[in-house]
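Report on the structure given below.
The values are calculated or read from the model by the stated rules, or taken from the named source; none is laboratory data. Predicted model, so just to flag it, every value in this text is computed and none were measured. A quick note on method: Cβ atoms are made from the backbone with ideal geometry, for glycine too, and the neighbour counts reach across all protein chains shown. Heavy atoms of the whole protein, side chains included, go into the accessibility calculation; ligands, DNA and RNA do not. Shrake-Rupley method; radii C 1.70, N 1.55, O 1.52, S 1.80 Å.
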Amino acid sequence: MAARPRGALTLAALLLAGAALPFRAPAQSRAAVEREHQEFTEWIVSSPLSPRRAVVVRPIGPGLSLGPDDADIPLVGVAAARLTDRDGRITLQSGEAVTGLARGRPHTLGRWRLLVSGVPGRASVTVFADEARAGKPPIWFPYDAKAAFTVTLRAPAAPGTVRVLAPDGVEVEATESGVVSILVGGAPRTLTVRRLPGAFDEESELEIYFRDGTSGRTTYPAGRFVALIPTGGGRYLLDFNRARNPFCGYNTVFPCPAPWKGNAIPFPIGAGERYRGGGLEAPVH
């Protein structure tokens, strides 16, 4: 797989992940966060699996045809092929040849790259082109030390799982992990935390998808993702300087996650990634 910034969720991990998308820094400082921002920007601009290079995201369902103009996914230069998800095993058949595809590992097909992600039985495929979609590099608010909180994760009132879209727009079975409380705008706010499956059973998969007073103004209208970083003793770092857009903020081929109920902060969180695409009340340059 192509190199990516440390801890950025891959599409399969989502993160994602990845996707994400969180960075797993052992210690947080202004310099570390700004370095992560730069690494992430380079990944968005140059990675072969950058969201900017995606041309289609589709559930595999009972199977997808690839290649010809009348295929489910037309791909120039690709002979007729079929992608199947059967009993959790993903296969690509072209003529008599059958190839198994591993989740999270890109498979080259002519000039295209296929990446399978999602849970068995409900997997999706993302197809990437050599050419990147036009777009400006990610932009960020200035680092704000007051936007980082040490929190305790409290058990959920109703344990269980829920189907949500991960940052890459792929449906996953997320675990209700509890809630955290922060003091923002002079009032306590409680935010729901969910564990997104993918990159094994690591604490950094604990994610918060939130909206705040900047949403639709200077940040992505539907919300942003931020991960909890374990600090030991049952405590976590919630650093909004590391908040990032879902992949639909870079490319409209990705389905956009719906806001999580209860995770709306009326006070603006001027930290993390900004947004300058469509859907804003006023353009951001």
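For this structure, a couple of remarks:
- Listed residues H107, H37 arranged by accessible area, highest first, probe 1.4 Å: H107, H37
- Computed about the Cα centre, the dipole magnitude for segment 17-128 is approximately 240 debye when only Lys and Arg (+1) and Asp and Glu (-1) carry charge, each at its Cβ.
- Matching label, Kirkwood radius over Cα pairs in Å computed from the structure shown, candidates [x] 19.8; [y] 20.6; [z] 19.3: [z]
- Total formal charge among the other residues, if their Cβ is under 14 angstrom from that of E131, Lys/Arg +1 and Asp/Glu -1: +4
- Here the label points at A71 and A32, each 7 Å from Cα along the C-beta direction, are separated by 4.5 nm in the simple model.
- Prolate/oblate/rounded label for segment 81-211 (Cα gyration tensor, a/c 1.5): oblate
- Sequence-distant residues sharing a close amide H with R274 (under 5 Å, placed H): I139, W140, F141
- Rolling a 1.4 Å probe over the heavy atoms of the protein chains gives the chain an accessible area of 44 Å² per residue.
- When K136, K146 are compared by accessible surface with a 1.4 Å probe, the order from highest to lowest is K146, K136.
- Local electrostatic count at L109 - Lys and Arg +1, Asp and Glu -1, tallied over other residues with Cβ under 15 Å: +4
- What the phi angles of segment 111-118 give under the Karplus curve with 6.51, -1.76 and 1.60, with θ = phi - 60°, is a coupling list of 8, 10, 10, 9, 10, 9, 8, x Hz, glycine and proline written as x.
- Subtracting the Cα-Cα distance of S46 and R89 from their residue separation scaled by 0.36 nm leaves 12.4 nm.
- Residues in segment 224-266 that a label on K136 would reach, taking backbone N under 16 Å of a point 7 Å out along Cα→Cβ: 245, 249-251
- Rolled with a 1.4 Å probe across the full set of protein chains, the surface gives C256 an accessible area near 50 Å².
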